[in-house]
Amino acid sequence: MEKINHIFNTLINLIGEMAPYILLGFIIAGIMHSFISTTVFTRHLSGKGWKSVLKAALVGVPLPLCSCGVLPTAISLRRSGASRASTTSFLVATPQTGVDSIAATWSLLGPAFAVIRPVSAFATALMAGGAVGYSERPDEINHNSSEDVKSSLSDRPKDIFKKSISALRYGCIDLVDSIGSWLVIGLIIAALITVFVPADFFASLAEYPILAMLAVVVIAVPMYVCATGSIPIALSLMLKGLSPGTALVLLMAGPAANFASFTLISRELGKKAALIYLIAIVICSILFGLLIDFLLPRNWSMPHGNAEMHCHAAHLNTLEIICSVILTALLISSFVRRKITDKIKNKKMEKNMEKATTYKITGMNCPHCQSTVTNTLKNIAGVLEVSVNLSSGMAQVTGEHDYKEAIDGVTKQGFGIELA
């Protein structure tokens, strides 16, 4: 019973410290989504050379896109004319950080990490994009237009009031739906590590920083973890004896690289670009981790609120309590809304079973993935209606259409698909 209470109080403390910053990040993310035109990105990321790579990194660092959400966005940019180099730069910079995760990093890991994290993501993006650009031939630059970008522009509201409502909806509903489950998973893992892992568990490994960082890379690269969800996990590892540099390796490698992104990059940009992308992330994460451990005083990079993690009673101020309640309500409403939506879609699928073509989709991790698959199938000639269930991975398509075109279109977006 005492362990359960300890886990519960640890979760309360983590949520309390992160909530004000996460909510601020959600609002800023919504403003960026609704008030900044997509054409701004596509216009500046086209062409070849260091300028496009630099701009892609600068654009990618603050964008609040997770590692699966960034994939269709990057494909859209690529097909709008962005070079392989700038697309790679964007793919590396974007999932590692964002305005929401930077704010949350400050709350749990302190200002030093909040600054170092976007700087390291920016530098890694420059290295990866520059290396891909060096190997890119002039005839490999893409000049196609993107229908996805055009359609997204036409759907944007025009007046300020509607844009503000759209910003709130994106920040407090769409973004919460996208990263909420991964944030909860990260918090639970952090609490479990804090309570059940002995304090000296990582002591021997901490004496060999490069070995510890390589171990973190082996674990972090294959798995899926979002930039915000990785923060409490990094904090708990630091409190158990691993160095701040090793924690940074997790924060960089975890969100930026996973099997889904590597597979899609191989298909869209080529195996050479995908390999450069992966090598750049691994090398730069370890390099920045070693630099932090060597150059930065440990008390600067240790989280300011670490003592509270070990307390059995939560000590939150009024603002933290209010923000915790709001964040918890948003997470619960997101969970309930998605369950209700899935239930409605399941009933609808049962009714349409005979007159609809059913596909099994794999690789969908969040509502952003679900939206990408839905829009892809809707754009196929002859399709009248599309229903995609995120939890079951089933998609029903009503209307006479070419199933090979459907499979090809969804596959190009980085997802697995087959007739059910």
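Extension gain for the segment residue 391 to residue 115, taken as residue separation times 0.36 nm less the Cα-Cα distance, is 95.7 nm to one decimal. Approximating the spin labels as points 7 Å out from Cα along Cα→Cβ, the residue 164-to-residue 418 distance works out to 5.2 nm. Looking at this model, which pairs from 378/412; 163/343; 162/360; 3/240; 271/345; 272/360 are more than 26 angstrom apart at the alpha-carbon? Those over the limit are 163/343; 162/360; 271/345; 272/360. A simple spin-label model places pseudo-atoms 7 Å from Cα toward Cβ; at residue 403 and residue 341 they are separated by 2.7 nm. With the simple spin-label model, which puts each label point 7 Å out from Cα in the Cβ direction, the residue 332 to residue 192 separation comes to 2.3 nm.
Each reported figure results from applying straightforward, stated rules to the coordinates on display, with no laboratory input. Keep in mind the model is a prediction, meaning the values are calculated, not measured. Please note: Cβ atoms are built from the backbone with ideal geometry, for glycine as well, and neighbour counts cover all protein chains shown.
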